[in-house]
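Written out below as structure tokens is the structure these notes cover.
Bear in mind that the values in this text are calculations on the coordinates, not laboratory data. In this text, all values refer to a predicted model and were calculated from it rather than measured experimentally. Methodologically, a virtual Cβ is constructed for each residue, glycine included, from the backbone with ideal geometry; neighbour enumeration extends over all protein chains shown.
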Amino acid sequence: MDADSLLLSLELASGSGQGLSPDRRASLLTSLMLVKRDYRYDRVLFWGRILGLVADYYIAQGLSEDQLAPRKTLYSLNCTEWSLLPPATEEMVAQSSVVKGRFMGDPSYEYEHTELQKVNEGEKVFEEEIVVQIKEETRLVSVIDQIDKAVAIIPRGALFKTPFGPTHVNRTFEGLSLSEAKKLSSYFHFREPVELKNKTLLEKADLDPSLDFMDSLEHDIPKGSWSIQMERGNALVVLRSLLWPGLTFYHAPRTKHYGYIYVGTGEKNMDLPFML
């Protein structure tokens with residue numbers, strides 16, 4: 001959700017029970033404005049909150065003028081002081097995939113994981129137990145990256161791609177119509193396309209290259225991983241992810257108001273294919 005319209009965005013997303021106390025809201029309004037100024041971001045998004053046992057992580061993201069350029073991620077424990085997180089790497093994701101359970105809420109906390117490694121001594125091969133230390137900050141970076149790639153979404157038409165390559169905010173976007181807002185095909189993943197490259201020329205024939213340049217939600221696997229609901233007498237459409245419980249996307253049809261927020265434990269619902 002855009003930090004410039006934070007209070008309205010929190011109000012629209014409040015149907016899922018995800019709110020912030022008045023002092024947290026006031027702190028976020030001021031501190032995110034300073035983050036935008038100091039880091040010289042084009043836009044700042046309040047990404048959400050990852051719930052820890054000791055403390056919660058408040059997450060914000062900074063976007064450059066090209067909206068699909070790699071986003072810079074910051075975290076805070078008090079909504080006032082923000083620290084920049086390093087970009088996610090494949091090694092980080094592989095490392096933290098072995099960690100299960102809740103976050104602690106302390107970035108310096110280290111998880112211990114025991115691995116079996118084969119050791120050669122002459123002709124004999126032994127299996128040796130090695131304890132690997134994984135910092136919680138590494139796990140935090142990895143989880144945010146996974147959620148971004150899997151369930152960060154925007155409505156069709158909110159961004160447009162110029163012929164020269166960069167992607168910009170569409171200033172003429174006036175919201176989806178009520179009938180379009182009820183379809184999964186009207187929403188895109190807010191990241192570089194993956195599935196679009198695999199489509200045939202015949203499938204791409206009906207697509208507008210300036211608007212339909214990202215992956216649509218209708219082909220997401222597993223099918224049924226999104227729940228669409230109309231709220232406030234059809235004045236608000238809310239999408240909730242069943243794959244990453246806690247992710248809520250909201251859009252008021254025929255208006256420019258849209259956004260997503262994640263408030264959860266940072267754990268993926270691995271049982272979803274068996275629940276559908």
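Worth a mention:
- Met230 paired with Arg171, simple spin-label distance in nm, labels 7 Å along Cα-to-beta-carbon: 3.3
- Placing +1 on the Cβ of every Lys and Arg and -1 on the Cβ of every Asp and Glu, with nothing else charged, gives the chain a dipole about its Cα centre of roughly 1200 debye.
- Distance in nm between pseudo-label sites at Met275 and Val132 (7 Å out along the Cβ direction from Cα): 2.8
- 22 Å Cα-Cα threshold exceeded, pairs from Lys183/Lys256; Lys36/Lys135; Lys100/Lys135; Lys161/Lys199: Lys36/Lys135
- Dipole-positive endmost among Ala69, Met270, Asn234 within the chain (Cβ charges, Cα centre): Asn234
- Gained length - Val119 relative to Arg43, 0.36 nm times residue gap less alpha-carbon distance: 22.3 nm
- Taken as Cα centroids, the range 203-276 and the range 143-176 sit 13 Å apart, rounded to the nearest whole angstrom.
- Difference of contour (0.36 nm per residue) and Cα-Cα distance, Arg254 to Ser5: 87.9 nm
- Within the range 27-41, backbone nitrogen closer than 19 Å to the virtual label 7 Å beyond the Cα of Ala55 toward Cβ: 27-32, 35
- You can think of it this way: the chain between Val98 and Gln18 has 25.9 nm of extra reach, that is 0.36 nm per residue less the Cα-Cα gap.
- Surrounding net charge for Pro107, when Lys and Arg each add one and Asp and Glu each subtract one, Cβ distance under 13 Å: -4
- Computed from Cα positions, the angle between helix 136-151 and the longest principal axis of the chain comes to roughly 40 degrees.
- Taking the convex hull of Cα positions in the chain, its mean projected area over all directions (nm²): 18.8
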